[in-house]
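What follows is calculated from the coordinates using simple rules that are stated; it is not laboratory data. This one's a predicted model, so the numbers in the text were calculated from it and none came from an experiment. Cβ atoms come from the backbone with ideal geometry, glycine included; neighbour counts cover every protein chain shown.
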Ligand code: ATP
Ligand code: MG
């Protein structure tokens, strides 16, 4: 196989060839870019490996880019990168690595291209294309990576036990690539993952979460989660979700398997085009079911309060997984907390009040909440699913009407604290808060309209009740 025609599509390859030649070193394109080139998947990251200093090569390439703009070389651990438009070019010197049993920190030495390919994680990621004059465009495929791409198989280049014990993160990466590419994992590679699963303990939460998020963002994330589960990796870093697995039966009452239900909900949010955080909300929406599970002889299994407890579990899980503890987390908490609320709103005689309250609480996340609710409808009976989802269409119609009238989605108090202080000649005191909250409640209960006139009148009324004197 020769790739010189494909390499001609991007000027950077000629440039690296020239730069390496002038430094008198060998250079190759390696890894994910070569894999994706063969799979015809778009890819913006290009990794180059050279037999020599990656930093020197990066500097030479940056200097040779025929642009007035100076290109910066970012150095980090013997690698260097150049951002070139949309492209991210990464340069590294070929390395030979050996690992000690209890550490992820390898002893790194300079090596040949072959050494470098040996330390790569999978056959399909160990492909290289020569950028050297004598065989420009030639594919160097020592482990049959192209064959595995055709067979759609993830396999380690060396004995899997060696590859996985050197860097146990590779076990999760195997599943990540299987999910992204819709590949199988070779049986002996998968057996070795099960065997080495305990070793995941030495890997940092950040690295695991990076890979997990990539699995979550695939088209059908349940595939990756099922692989993680069967490989016995999932319980090592996400025991709460594994706890959801299983069905209890008592006096003829059975509940659904909440693990598989959750995965179905996750796939549904993916199908609806949900982003990473909506997908996290799907993953966590029922997370407190095991903790709230009770048996009631009349009703069977109940999970009262799982939405509330679940929302309270989110920060601990986010913290441990090194997910961001910011507004993204709050968003996930909010959706977990509110995920049952739209369900009773499908009844015909529901009051505007309930709708108004939910709009107020969900704010701008109301659409995502409704998407989660639709995704949460899982049943083998497709007619039932269709009907339940159609009911949510009606709820949304009602929400639209209520919002047009009352604008509570982005609620701003129509009367401010300043107004209240002025009206009753007050300095800051707790009565102001009481009045504000009574006004808000009256609006949400539909007693008054959400406008300044009615709110001001109402304020005077509440003030009178509190025995305040209007000015
Ligand atoms: P993408 O960037 O699309 O997610 P990729 O294959 O480029 O996929 P990266 O994580 O960017 O994945 O890694 C680039 C290349 O570096 C891989 O193709 C692989 O050859 C090698 N590599 C990355 N991480 C490891 C690892 N933990 N062990 C061995 N090789 C690795
Ligand atoms: Mg990459």
Practice task
Please order 409, 452, 173 by the number of other Cβ within 10 Å, starting at the fewest.
Solution key: 452, 409, 173
Practice task
Return a whole-number percent for the relative contact order of the chain, with Cα pairs under 8 Å and 6 or more residues apart as the contact set.
Solution key: 8 percent
Handout entry: Peptides 410-418, 162-170 ordered by average Cβ neighbours within 10 Å, highest first
Key = 162-170, 410-418
Completion exercise
The alpha-carbon center of the stretch 378-402 and that of the stretch 426-471 are separated, in whole Å, by 37 Å
Practice task
Rank-order 294-305, 176-187 by packing density, defined as the average count of other C-beta atoms within 10 Å over each peptide's residues, highest first.
Solution key: 176-187, 294-305
Completion exercise
For the chain, the longest principal axis of the Cα atoms and the Cα long axis of helix 205-216 enclose an angle in degrees, to the nearest 10, of 80 degrees
Completion exercise
Going from the fewest other Cβ atoms within 10 Å to the most, one would list 292, 371 as 292, 371
Completion exercise
Footprinting proxy, 39, 444: sorted fewest to most Cβ within 10 Å, the residues are 39, 444
Practice task
Once you have a ≥ b ≥ c as the square roots of the Cα gyration tensor eigenvalues for the stretch 176-247, tell me rounded if a/c is under 1.5, and otherwise prolate or oblate according to whether a/b is larger than b/c.
Solution key: rounded
Exercise for the section: With a ≥ b ≥ c taken as the square roots of the eigenvalues of the C-alpha gyration tensor of the chain, please select rounded if a/c is under 1.5 and otherwise prolate if a/b is larger than b/c or oblate if it is not? Expected result: prolate
Handout entry: Nearest-ten-degree value, helix 221-230 long axis tilted from longest Cα axis of the chain
Key = 70 degrees
Practice task
Would you kindly state how much longer the chain becomes between residue 460 and residue 114 on full extension, computed as 0.36 nm times their sequence separation minus their alpha carbon distance, in nm to one decimal?
Solution key: 116.3 nm
Fill in the blank from the handout: Between residue 441 and residue 421, Cβ-based FRET efficiency (R0 25 Å, step 0.05) works out to 0.80
Practice task
Report, to the nearest 10°, how far helix 327-338 tilts away from the longest principal axis of the Cα atoms in the chain, using its own Cα long axis and a range of 0 to 90°.
Solution key: 50 degrees
Exercise for the section: Sort the stretch 1-154 into rounded, prolate or oblate with this rule: let a ≥ b ≥ c be the square roots of the eigenvalues of the Cα gyration tensor; rounded if a/c is under 1.5, and if a/c is not under 1.5, prolate when a/b is larger than b/c, oblate otherwise. Expected result: oblate
Problem - Ordering of 206-219, 118-131, 235-248 by packing [mean C-beta count within 10 Å, highest first] - result: 118-131, 206-219, 235-248
